[in-house]
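*Asks:* The following block contains the structure, expressed as structure tokens.
Read-outs: derived from the displayed coordinates by stated rules, not from any lab. Please read these numbers as outputs of a predicted model, since none were measured by experiment. Glycine also receives a Cβ, built like all others from the backbone with ideal geometry; neighbour counts cover every protein chain displayed.
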Amino acid sequence: MISQGRPVVSFSLPLLLSLFFALLTSGCAKNNTTRWASLPVAVYSDSSIVGTSASQADLQDAMNFWEQKAGRKLFEYKGVWNSKSLPYTGTASNPGTILENVIFFQNPWPSTSNIIGQTVVTSLDTEIQHAMIMINPYAEFCNGDCIGQDYANSARKNLAHELGHFLGLKHHTDANNVMYPILQSGGSMNGVGIDETALSELINP
Ligand SMILES: [Zn+2]
């Protein structure tokens, strides 16, 4: 979950996500970490997420951001998901089974308007089964470095943040960390940090 650069943080998360965070925040020991059994993991997006070359580049940059930090391939982008069929059962605010790992604009938006992205992860014991990233279709996004577009939210940073949840990361209290829950202005990833220890626990056997 990430909110716009305003001092408002909402915790109106779906139950699945709340449980996921509860599990992650229960401790820092490796055996409490919920993570994918194997990487890279298959991920799709809806056609609007990659609708222009600029938005396509943002998704690629967001995946590259994590892969460069990890020093290995984490995501296997499988192309456009058939938007006519939902990637989950149930409703967006109370999803049941996640059918595939898809990044998509979710309409109607299940959360408050200041939340621009939300990731739902389903897990069994400590193993992530599926994850989906919902993007707020009403939020205003800018592409690339977002120069002179301070009124809009960086699509690239938003995707990088949600991909962090997708990998199993929780929020971080440092505003320079990509997992800080309030989106910082600008679209450049220069100087945007991660918790390397936390990432290492998620990606190494
Ligand atoms: Zn978040």
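*Asks:* So how many Lys-Lys pairs in the chain land under 24 Å Cα to Cα, not counting same-chain pairs under 8 apart?
*Replies:* The result is 10.
*Asks:* In the range 44-94, which trypsin sites (Lys or Arg not before Pro) are in a loop and have at most 12 other Cβ atoms within 10 Å, using DSSP for the loop call? Intermediate results must be reported in sequence, preceding the final value.
*Replies:* Details: sites: LYS69, ARG72, LYS73, LYS78, LYS84; in loops: ARG72, LYS73, LYS84.
Of the trypsin sites (Lys or Arg not before Pro), the ones in loops of the range 44-94 whose Cβ has at most 12 other Cβ atoms within 10 Å are ARG72, LYS73, LYS84.
*Asks:* Classify the range 44-91: rounded, prolate or oblate, from the alpha-carbon gyration tensor (a ≥ b ≥ c, eigenvalue square roots; a/c under 1.5 rounded; otherwise prolate if a/b is larger than b/c)?
*Replies:* Working: a/c = 2.91, a/b = 1.58, b/c = 1.85.
Oblate, since a/c reaches 1.5 and b/c is not below a/b.
*Asks:* Continuing with the same structure: Between ASN153 and residues 5 or more places away or on another chain, which pairs have amide H atoms under 5 Å apart, with H built 1.01 Å from N, and which residues are they?
*Replies:* GLU140, PHE141, CYS142
*Asks:* Relative contact order, percent, of the chain when contacts are C-alpha pairs under 8 Å separated by at least 6 residues? Please list the in-between numbers first.
*Replies:* Working: 397 pairs, mean separation 56.3, N = 205.
Rounded, it is 27 percent for the chain.
*Asks:* Please express the shape of the chain as an equivalent ellipsoid: the semi-axes are the square roots of 5 times the eigenvalues of the C-alpha gyration tensor, given largest first in whole angstrom. The partial results should precede the final answer.
*Replies:* Numbers: eigenvalues 100, 78, 61 Å².
Each semi-axis is the square root of five times an eigenvalue, giving 22, 20, 18 Å.
*Asks:* I would also like to ask the following. For the chain, give the share of DSSP beta bridges that are antiparallel, in percent and rounded to the nearest 5; count only bridges with both residues there.
*Replies:* Percent antiparallel among DSSP bridges in the chain is about 45.
*Asks:* While we're here: R0 = 25 Å: FRET efficiency of GLN129 with ASN64, Cβ-based, nearest 0.05? Spell out each step's value before the answer.
*Replies:* Numbers: r = 25 Å, r/R0 = 1.01.
It comes out at approximately 0.50.
*Asks:* Please express the Cα-Cα pair-distance distribution P(r) of the range 94-205 as a list of whole percents, one per 10 Å bin, running from 0 to the bin with the greatest distance.
*Replies:* 13, 43, 34, 9, 0
*Asks:* Show me, for the range 160-167, the HN-Hα J-couplings you get by feeding each phi into the Karplus relation (A = 6.51, B = -1.76, C = 1.60, θ = phi - 60°), rounded to Hz, glycine and proline as x.
*Replies:* So the J values, rounded to whole Hz, are 4, 4, 5, 5, x, 4, 3, 7.
*Asks:* Amide H to amide H under 5 Å from HIS130: which residues, 5+ apart in sequence or cross-chain, H placed 1.01 Å off N in plane?
*Replies:* Here THR122 satisfy the definition.
*Asks:* Say each of THR112 and ILE182 gets a label point 7 Å from the Cα, pointing the same way as Cα to Cβ; how far apart are those two points in nm?
*Replies:* 1.2 nm
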